[in-house]
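The values are calculated or read from the model by the stated rules, or taken from the named source; none is laboratory data. What you see is a predicted model; the values in this text were computed from it and never measured. Counting neighbours? That spans all protein chains shown, and the Cβs are built from the backbone with ideal geometry, glycine included. Note: areas computed on protein heavy atoms with side chains; ligands, DNA, RNA excluded. Shrake-Rupley method; radii C 1.70, N 1.55, O 1.52, S 1.80 Å.
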Amino acid sequence: VADADAGSDADASEPLRCSADGFCHTAVPTGQTLRGVWGDDQGVVWAVSEQGNILRWDGASWEIRHSNAGALHAIWGSSATDIWVGGDRGLLHGTGSSSKDLVWTSVIVPGAEGVPINAIVGRSASDIWAAGGLVDLMVFPPDIQGRILHFAGASSEQGGGWTIAHPAPDFTALDRVWTTSQGDVWIGGANHENDPFQQCRAVLFHQE
């Protein structure tokens with residue numbers, strides 16, 4: 001009986017790997033703070049980290065597939081071989097012949113340099129929205145900017161098809177974007193005009 005009790009105590013001390021709802025822990029490379037995740041509906045999942053890494057889940061384990069990209073905040077793809085990533089340095093585009101062979105390239109986008117891309121979502125490979133925002137309270141006056149970008153397909157112009165969809169209001173940083181199949185676009189963020197150091201006002205923009 002004593003042995004059985006000891007075994008029960010040992011089992012109880014082990015961390016639970018899966019919840020009652022079926023959510024299970026997976027081992028992630030050490031030191032990663034994940035900020036965005038996206039799956040291709042074929043069993044492969046991608047994630048981005050604050051440490052500037054793009055990670056790929058192949059159904060069994062995570063692997064870092066691209067590094068040194070600056071802090072990353074968002075990821076979205078139209079297919080397994082067409083994936084966009086946003087972060088402090090702007091946008092990265094992952095393309096290739098297969099999910100295992102994606103090559104990540106930086107894309108020049110319009111708007112103020114240094115404004116991070118915080119959110120990306122799309123309806124198709126040629127209809128993608130991105131929102132960005134910068135809040136720097138360490139300078140005077142505080143540097144608070146935002147940008148709203150839209151991709152309507154690649155072009156030969158600088159920016160590769162990305163355009164400023166609408167100027168972001170003054171003192172407004174944006175960090176959320178969503179679009180519906182009916183064409184609505186919702187963008188959220190915060191306005192810091194009243195007192196950047198003490199409080200901000202939530203803002204939400206809607207385009208039909």
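For the subset of region 83-106 comprising residues that are buried (at least 18 other Cβ atoms within 10 Å of the Cβ), among the aliphatic types (A, V, I, L, M) and free of Cβ contacts under 8 Å to residues at least 60 places away in the same chain, which member is farthest from ILE148 (Cα to Cα)? In this case the residue turns out to be LEU102. For region 101-112, residues that are at pLDDT below 95 and over 21 Å from ARG35 (Cβ atoms) total 3. The residues in region 150-208 that are open to solvent by 50 Å² or more (accessible area, probe 1.4 Å) and at positive phi can be counted, and the count is 1. Put simply, of ASP58, ASP101, ASP136, ASP143 the only residue that is farther than 19 Å from GLY161 by Cα and in contact with a Leu (Cβ under 9 Å, 6 or more places away or on another chain) is ASP143.
Exactly one residue out of ALA80, ALA74 is over 24 Å from GLN207 (Cβ atoms) and either surrounded by 22 or more Cβ atoms within 10 Å (Cβ to Cβ) or not polar (S, T, N, Q) (or both): that is ALA80.
Residues in region 58-82 that are touching an Asp or Glu at 6+ places or on another chain (Cβ under 8 Å) and either free of Cβ contacts under 8 Å to residues at least 24 places away in the same chain or of a type in the set (Val, Ile, Thr) (or both): GLY70 alone. Inside region 168-201, residues that are within 20 Å of the chain's Cα centre (by Cα) and assigned to a strand (DSSP E or B) make up a count of 14.
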